[in-house]
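The values are calculated or read from the model by the stated rules, or taken from the named source; none is laboratory data. Keep in mind it's a predicted model, so treat the numbers as computed, not measured. Glycine gets a Cβ as well: all are built from the backbone with ideal geometry, and neighbour counts include every protein chain shown. Heads up: the accessible areas ignore ligands, DNA and RNA and are worked out on the full protein's heavy atoms, side chains in. Shrake-Rupley method; radii C 1.70, N 1.55, O 1.52, S 1.80 Å.
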Amino acid sequence: MSPSTPIVTLGEGSTPLLRAARLSAAPGVEVWLKCEGVNPTGSFKDRGMALAVAKAVEAGARAVVCASTGNTAASAAAYAARAGLEAIVVHAAGGPSSSKLAQVRVTGARLVEIEGTFDDAFAAAEELAEREGAVVVNSTNPDRIEGQKTAALEIVEQLGGLPDVLALPYGGGGNTVAYAKGFLEAGFPALEIVPVEAADRAATTASAIRIPTPVHRAEVEDALARSGGAIVSVTDDEIAMAWRSLARGEGVFCEPASAAALAGVDLSSLAEGTRVVLVLTGHGLKDPDALDRLREPGS
Ligand code: AN7
């Protein structure tokens, strides 16, 4: 932010950190849920989008562009509308859930559907940005990371200190990089960060993290080398089980990708006194069809 940066806000941030007492954890293990689905468009993306769009306005941009599995798109469309900019969203055919597409369409943003994967959509978005003179608001835009790191600062404030373990879904890796940066800058460099990716990145039913190649992979590895922690892979059945237990056991309805955070940590194996934060990145209403899609494992 500089004195000439406009404020563009829909009321993002300050999300609840809820104690989860009913998930099966070892005795004396504290589990907390950072409920990012409570943000204005229903996902953590709003934290960084508020800043990225404000900086685009400051730079005199007319339009913003992103490639997305859905949540970045919903957020970019809303914040662009709020700021009076045009938004262009590129997505893979069959990628984003219908709820996320509805969030984009209602703003009048331009949707560009391409045949291929998220990786192809990202390449197309970069070309489009160049051609149209639009600002890319994917997490490769450093303002996105700066905005998203506020979640780490909030957790430190809400817990009165650092968690021992922070688990979060790992798609492109921007959020992992943002948390690591936030904790480092808050003076807490060391904790176990667990980025959880889908075992089959290209085909997972958790559409938000259906990203074949994480654009931030090298930075994620650097961040883990500094902070501690390691990448974990989980199957769709493990995601489904975690997703169901968050709703049934805690009353928290998140989207399937968010449940990867829980699926990636064996809470029953942790030492007494361990404090774990699971970042639930998106709201369950983002993807209500998941109820039909995610069958009970073994059924
Ligand atoms: C609910 O919207 O990439 O590791 O285009 O929507 O920072 O990519 C979404 C990613 C986790 C992964 N949880 O975060 C997009 C997009 C949810 C998400 C992730 C996403 P990153």
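Can you say what percent of the DSSP beta bridges in the chain, counting only those with both residues inside, are antiparallel? Round to 5. Walk me through the intermediate numbers first.
Values: 5 of 34 bridges.
Roughly 15 percent of the beta bridges in the chain run antiparallel, per DSSP.
Please give the charge dipole size of region 45-141, origin at the Cα centre, charges +1 on K and R Cβ atoms and -1 on D and E Cβ atoms. Round to the nearest 20 debye.
Details: 9 positive and 11 negative charges, 100 e Å.
Dipole magnitude for region 45-141 comes out near 480 debye.
For helix 150-159, report the angle its Cα long axis makes with the longest principal axis of the Cα atoms of the chain; keep it between 0 and 90° and round to the nearest 10°.
Helix 150-159 sits roughly 30 degrees off the main axis of the chain.
Answer with one residue from GLN148, ALA260, ILE211: the one whose Cα lies farthest towards the positive end of the charge dipole of the chain, charges on Cβ with Lys, Arg +1 and Asp, Glu -1.
GLN148
Return the percentage of antiparallel bridges among DSSP beta bridges fully within region 45-141, rounded to the nearest 5 %.
Values: 0 of 12 bridges.
Taking every DSSP beta bridge with both residues in region 45-141, the antiparallel ones total about 0 percent.
Provide, as a two-decimal number, the C-alpha radius of gyration of the chain over 2.2 N^0.38 Å, N being how many residues it has. Don't jump to the answer; show the numbers that get you there.
Values: Rg = 18.1 Å, N = 299, 2.2 N^0.38 = 19.2 Å.
Relative to the 2.2 N^0.38 Å estimate, the chain comes out at 0.94.
Determine the calculated [θ] at 222 nm for the chain from helices alone, applying -39500 (n - 2.57) to every DSSP H run no shorter than 4 residues and normalising by the residue count; nearest 500 deg cm²/dmol. Present the calculation step by step, with values, prior to reporting the outcome.
Details: 11 runs with 117 residues, N = 299.
For the chain, the value works out to -11500 deg cm²/dmol.
What part of the accessible area of the chain, given as a whole %, is carbon or sulfur when the probe is 1.4 angstrom? Before the final figure, lay out the partial values.
Working: 6250 of 12040 Å².
Ligands and nucleic acids excluded, carbon and sulfur give 52 percent.
If one takes the longest principal axis of the Cα atoms in the chain, at what angle in degrees, from 0 to 90 and to the nearest 10, does the Cα axis of helix 71-83 lie?
Orientation of helix 71-83: about 50 degrees from the principal axis.
Can you return the lysines within cross-link range of LYS181? Criterion is Cα-Cα under 26 Å, with same-chain partners fewer than 8 residues away left out.
The reachable lysines, counting only those whose Cα sits under 26 Å from LYS181, are LYS34, LYS45, LYS55, LYS149.
Just name one of GLY133, SER99, TRP32: the one whose Cα is farthest towards the positive end of the charge dipole of region 1-153 (beta-carbon charges, Lys/Arg +1, Asp/Glu -1).
Highest projection toward the positive end goes to TRP32.
Sort region 64-153 into rounded, prolate or oblate with this rule: let a ≥ b ≥ c be the square roots of the eigenvalues of the Cα gyration tensor; rounded if a/c is under 1.5, and if a/c is not under 1.5, prolate when a/b is larger than b/c, oblate otherwise.
Values: a/c = 1.32, a/b = 1.24, b/c = 1.06.
Rounded is the answer for region 64-153, as its axis ratio a/c remains below 1.5.
So what are the ³J(HN,Hα) numbers for region 10-16, from phi and the Karplus equation (6.51, -1.76, 1.60; θ = phi - 60°), rounded to whole Hz, Gly and Pro as x?
10, x, 6, x, 6, 8, x
So, taking all protein chains as they sit and a 1.4 Å probe, how much accessible area belongs to PHE253, in Å² rounded to tens?
My reading of the accessible area for PHE253 is about 80 Å².
Counting only heavy atoms of protein chains, what accessible area per residue, in Å², does region 70-126 have with a probe of 1.4 Å?
Details: 2280 Å² over 57 residues.
Here the per-residue accessible area is 40 Å².
In what order, largest first, do MET49, MET1, MET241 sit by accessible area if the probe radius is 1.4 Å?
Values: MET49 0, MET1 140, MET241 110 Å².
Reading off the accessible areas and sorting them downward yields MET1, MET241, MET49.
Place a label point 7 angstrom from the Cα of LEU285 along the Cα-to-Cβ direction, then list the residues of region 101-141 whose backbone nitrogen is under 14 Å away.
102-103
What is the spin-label model distance, in nm, from VAL112 to THR9 if the labels are put 7 Å beyond Cα along the C-beta direction?
Going from the VAL112 label point to the THR9 one covers 3.3 nm.
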